[in-house]
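The values are calculated or read from the model by the stated rules, or taken from the named source; none is laboratory data. Remember, it's a predicted structure, so these values are computed and weren't measured experimentally. All Cβ positions, glycine included, derive from the backbone under ideal geometry; neighbour counts span all protein chains shown. Calculation scope for accessible area: heavy atoms of the full protein, side chains included, ligands and nucleic acids excluded. Shrake-Rupley method; radii C 1.70, N 1.55, O 1.52, S 1.80 Å.
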Amino acid sequence: MSTTTSTTTRPQHAHPAGTGPVVPTEGSAAVQRPVARAVVTGGLWHHWQQLNRTASIPLGIAKLSEAGNLTNLRLAAGEPLEATHQGPVYMDSDVYKMLETVAFELERGDDDALTAFVDEACALVAAAQAEDGYLNSYYQVRAPGERYQNLTNSHELYTAGHLFQAAVALARTTGDQRLLDIARRLADHLVEVFLVQRLPRLDGHPQVETALVELYRCVGVPEYLELARRLVEDRGRGLVGSHPAGRLYQQDAFPVREMTVVTGHAVRAMYLEAGIVDLYLETGDRSLLETSQARWENLVAARTALTGGHGARQLKEAFGEDYELPPDQSYNETCAAVASIHWSWRLLLATGEARYADLVERTLHNVFAASVSADGLEFFKGNPLQRRADHALSVGDPRWRDGWFWSACCPPNVTRLMSSLQHYLATTSGSTLSLQLYGDARIGAVLPVGEVDLAVSTALPWDGSTRVRVESAPGAEWTLALRVPSWSPRPEVRLDGQPLEVAPDEAGYLRITRRWRPGEEVGVAFDVSPRLTTPHPRVDAVRGCLALERGPLVYCFEQADQPDGVDVEQLRLTGDAASVAVERRELDGIGATVTLTVDAEELVDAPRSGLPYYPGERSWTTRPVRATAVPYFQWANRDRRAMRVWVPGPAAPAAGGAQRS
Ligand SMILES: [Zn+2]
């Protein structure tokens, strides 16, 4: 396994405040803080980050020129071009997301092309900004008299939020203040309009709230936090305006403390939640935290796909009702995966509870990772858990990967999260360093007792063996905390080769406190035995089905892997977990993987005639087969044939028969 990175890592020294996307202020309510420095050094995540750097990001930068995003800014700057403004109202946000991406890439290592993009984009954005700080190329070019007149749908504050996040990232990772100066001028303008003059309107797409809090954290201007507070507190009071999609869609149906569940547009809902938790972290208002936590608990219990996907309905890209989780028609937008990770990560910082990292891990390894093709050049907007063989596929189907989109929210959301993955690995709390996600990495933390440097190496997600080596440590006592994943509740732990009895604490961590010496090593054997997973009986769409999981990975059955003549849509699993065979393989189009092969039956259907419904019980003719599954994140890289995560389980007992266990 590679333990080196081809990028030169910067910064070389621990930056006590951290350089990631979320850095709560000293004295905030955060009980966990991101570590000072982390670098992914090998394994699957390093592969993903290199693919992002060498394929997805160059593609994205090229698309910003092709799709007109950069031309739009030139037009806003008044350049005399034979061109018109292209694309939707939020085109500028794609430029900002790519700038944020590149900021984290430049932290990972220098690159002339990336630096040239930053120079070009910063100059364009600076030139486009209006005298009074306003900045949105669509309204500057196409509707100059309509500023903030159509906030229901104009995304003006949403777009500003993405600029703020990019500016903070660039300043933190490289020290480059150019974008931050632009961001502050725009933020000052927003403070004047929405806080001082108190224009009684809200953006229909939350996002600026979390971004304003981060800008406050970065530059310390209290009005930015105040503005975020106003924009959160005013939700649910009808200030977004009317829109055919309705107030639920716009996240304007209930004041934030009166919302009991996440509803409406999934991405809007979860960006808002990230802002709500950020506001709690900086103000200590526990009513914000507690109501957000309650919604998160319902989200996990009844509105989350097995893959971590969110948004059961394609219609309005929305959450469904409790247990409404169809595998085939679900939307599970890629941006919702990113927003969910943002929300859960902030809840982790607020509470220190492992369950939040658990959802981040599930989301990251499954729905998020599946959104990118194996070559890094195509992206899903929607991420279903089932594709039927006869599904009508067309270019632009949001549930099929494409190189870019007219509404290109998802691809640069993928790139910016991938570039900043290292910032989600570990946290500190007092003299405790906690590992939250497991990947090959170097982690540097500044604890009250001194600086600690760790090297983590792991075979995850393919196998469970993980080693944490202390590279440097102060002489004093401190605690290493290891998150216990829900899929391996009792991992074996060794300290320098000797078995160590340690049980998870209430928050879900194994804690080892000692005077660590450089060279000491903790070995953890996580259990990655394949699991047959059963849905809650109220998840109607997959009642009676089973799914295969292993470690953090959800598996799926693609037609490409089944024996000749076996139709993936006619499969039924026997439910025999002991029959699962694990095999490490290289597959064309996918690359390295671990497949699972399991006992199954193929239904042998009668010819089609009449309705597909029958009186009373009906038994089916079946034949035994072996079915093969691949990790869900690797699906749709070979062909467009059928796929399913959930597969019908063993036949139900005859009426009146004993319940099967
Ligand atoms: Zn999206």
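Count Lys and Arg as plus one, Asp and Glu as minus one, and take only other residues whose Cβ is under 12 Å from that of Asp588; the net charge is then -1. Remark on Glu492: its backbone amide H falls under 5 Å from those of Ala525, a criterion applied only to residues 5 or more positions apart or on other chains, H modelled at 1.01 Å from N. Each of the peptides 478-488, 610-620 was scored by the mean count of other Cβ atoms within 10 Å over its residues; in descending order, highest first, they stand as 478-488, 610-620.
With all protein chains in place and a 1.4 Å probe, the accessible surface of the chain carries 49 percent carbon and sulfur. Around the amide H of Arg514, modelled in the peptide plane, lie the amide H atoms of Trp478, Leu480, all under 5 Å away and 5 or more residues distant in sequence or on another chain. In the context of the full set of protein chains, residues of region 412-489 present 23 Å² of accessible surface per residue (probe radius 1.4 Å, heavy atoms only). In a fully extended conformation the segment linking Glu146 and Asp390 would gain 83.2 nm over its present Cα-Cα distance, using 0.36 nm per residue.
Full extension of the segment from Ala578 to Asp527, taken as 0.36 nm per residue of separation minus the current Cα-Cα distance, would add 16.8 nm.
Straight-line reach from Lys63: taking Cα to Cα under 17 Å and skipping same-chain neighbours fewer than 8 places apart, the lysines in range are Lys97, Lys381. Taking square-rooted eigenvalues a ≥ b ≥ c of the alpha carbon gyration tensor, is the chain rounded, prolate or oblate, where a/c under 1.5 means rounded and, failing that, a/b exceeding b/c means prolate? It is oblate, given that a/c is not under 1.5 and a/b is not larger than b/c. Only helical runs count toward this figure. For the chain, summing -39,500 (n - 2.57) over DSSP H runs of n ≥ 4 and dividing by all residues gives -9500 deg cm²/dmol at 222 nm.
Other residues with beta-carbon under 12 Å from the beta-carbon of Ser488 carry, at +1 per Lys or Arg and -1 per Asp or Glu, a net charge of -2. Close amide H pairs (under 5 Å, H built 1.01 Å from N) link Glu471 with Asp453, Leu454, Ala455, Gly519, residues at least 5 positions away or on another chain. The modelled label-to-label distance for the pair Arg514/Val221, using points 7 Å beyond Cα in the direction of Cβ, is 5.0 nm.
Computed over neighbours whose Cβ is under 15 Å from that of Ser457, the net charge equals -2, Lys and Arg +1, Asp and Glu -1. Of the trypsin sites (Lys or Arg not before Pro) found in region 176-268, those in coil by DSSP whose Cβ has at most 13 other Cβ atoms within 10 Å are Arg198, Arg237. Loop-located trypsin sites (Lys or Arg not before Pro) in region 507-593 (DSSP state other than H, G, I, E, B) with a sparse environment of at most 13 neighbouring Cβ atoms within 10 Å: Arg515, Arg538.
For the chain, the membrane-span-like helix rule (DSSP H, alpha carbon extent of at least 15 Å along the helix axis, mean Kyte-Doolittle at least 0.0) picks out 112-128, 156-174, 208-219, 266-283, 334-351; this says nothing about an actual membrane.
Nearest 0.05, what FRET efficiency do Ser465 and Asp375 give at R0 = 30 Å with Cβ-Cβ as r? In this case the efficiency is close to 0.55.
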